[in-house]
Every structure is written in structure tokens, then in C-alpha cells.
Amino acid sequence: FRVLLSRAWLNARRNPVSTHAAAGRSITMGLIVGMLYTGVGLGQASVQDRTGALYFVLTTQIFSAQASMRMFLEERDLFLRERSAGAYRTSAYFWSKSIADTPLQLLFALMFSLLGYFLVGLQMTVSH
């Protein structure tokens, strides 16, 4: 498991283009959400606008999470060859890839959410 995890981290570091693309996608989509829904009021009439903004945020996050499935498809042949040779179990491969990918996915989700949250103007204080 440790060897697979270190290999997954090393592969992520060797391919910074996908990391930069994911960061760019998160920032761009956060800005788009913010620009589309800037100025949403605080009254009852703006409830539909807020619901639309939250729906857009949710669907964007779901599709961003599905983009991480690409890594499994890219390494499918290598995985099948090593697994058939008895190098490791499927669960060890899955968990090592998932754990290596999780910190970046959380960072990108946080970037997107913070941009969208504050640009849309959702609850700025805890007192509400």
C-alpha cells in the first residue's frame, strides 16, 4: 500500500498540467458562479436565485469529482498487468489512488466554494 501511495504521489507531481488545469477549472467556475449570481438579494423574492446558485454549485462539484475518475482509466492497463502478476490487491490500488488524490480535490473544492460563496453574497456573518 505504501509503495502504491508513494507512486501515486510521484505521478501527481510528475504531471503538474492536470493539477494546474483542475485549479484553473475551479477558479474559473467559481468566478462564473459569482458573476452569474452577484447581487442576489436577502429577501424572499431572491430565494429562487439562491436555489439556482446552490444547484449550480452542487452540479459543478459533482462533475469535478467525476473528473478524478480519469486517473483510473489512464492507468488501467498497468493496473491489470500488475494485478494479474499478483503485485497487489485491487483495494490497495484503489485506496492509494484515492488517498493521494483527496487533498488536491479538497483544495480545489474549497477554492471554488469560497469564490462562489462570497461573490454570490451568501450569509456573511454567523449571526444570521
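Any chance you could count how many residues in the stretch 31-40 are in contact with a Ser or Thr (Cβ under 8 Å, 6 or more places away or on another chain) and open to solvent by 80 Å² or more (accessible area, probe 1.4 Å)?
Final tally of qualifying residues: 0.
Checking the conditions here, which among A45, A8, A23, A67 is small (G, A, S) and at pLDDT 85 or above?
Details: A45 fails: at pLDDT 85 or above; A8 fails: at pLDDT 85 or above; A67 fails: at pLDDT 85 or above.
Of A45, A8, A23, A67, the one residue that is small (G, A, S) and at pLDDT 85 or above is A23.
Would you please list the contacts, defined by Cβ atoms under 8 Å and residues six or more apart or on different chains, that run from a residue in the stretch 76-92 that is of a type in the set (S, T, N, Q) to a residue that is part of a helix (DSSP H, G or I)?
Matching pairs, first to second residue: T90/R83.
So, T28, is that one in a helix (DSSP H, G or I), free of Cβ contacts under 8 Å to residues at least 24 places away in the same chain, among the polar types (S, T, N, Q) and surrounded by 12 or more Cβ atoms within 10 Å (Cβ to Cβ) or not?
On the way: in a helix (DSSP H, G or I): yes; free of Cβ contacts under 8 Å to residues at least 24 places away in the same chain: yes; among the polar types (S, T, N, Q): yes; surrounded by 12 or more Cβ atoms within 10 Å (Cβ to Cβ): yes.
Answer is yes for this residue.
Show me the helices (runs of 4 or more DSSP H) found entirely inside the stretch 41-128 where at least 1 residues are loosely packed, with under 15 Cβ neighbours inside 10 Å and aromatic (F, W, Y).
Values: elements: 47-67, 70-74, 76-84, 90-120.
Counting at least 1 such residues, we get 47-67, 70-74, 90-120.
The values are calculated or read from the model by the stated rules, or taken from the named source; none is laboratory data. What you are looking at is a predicted structure, and each value in this text was computed from that prediction instead of being measured. All Cβ positions, glycine included, derive from the backbone under ideal geometry; neighbour counts span all protein chains shown. Keep in mind that these areas ignore ligands, DNA and RNA; they rest on the heavy atoms of the full protein, side chains included. Shrake-Rupley method; radii C 1.70, N 1.55, O 1.52, S 1.80 Å.
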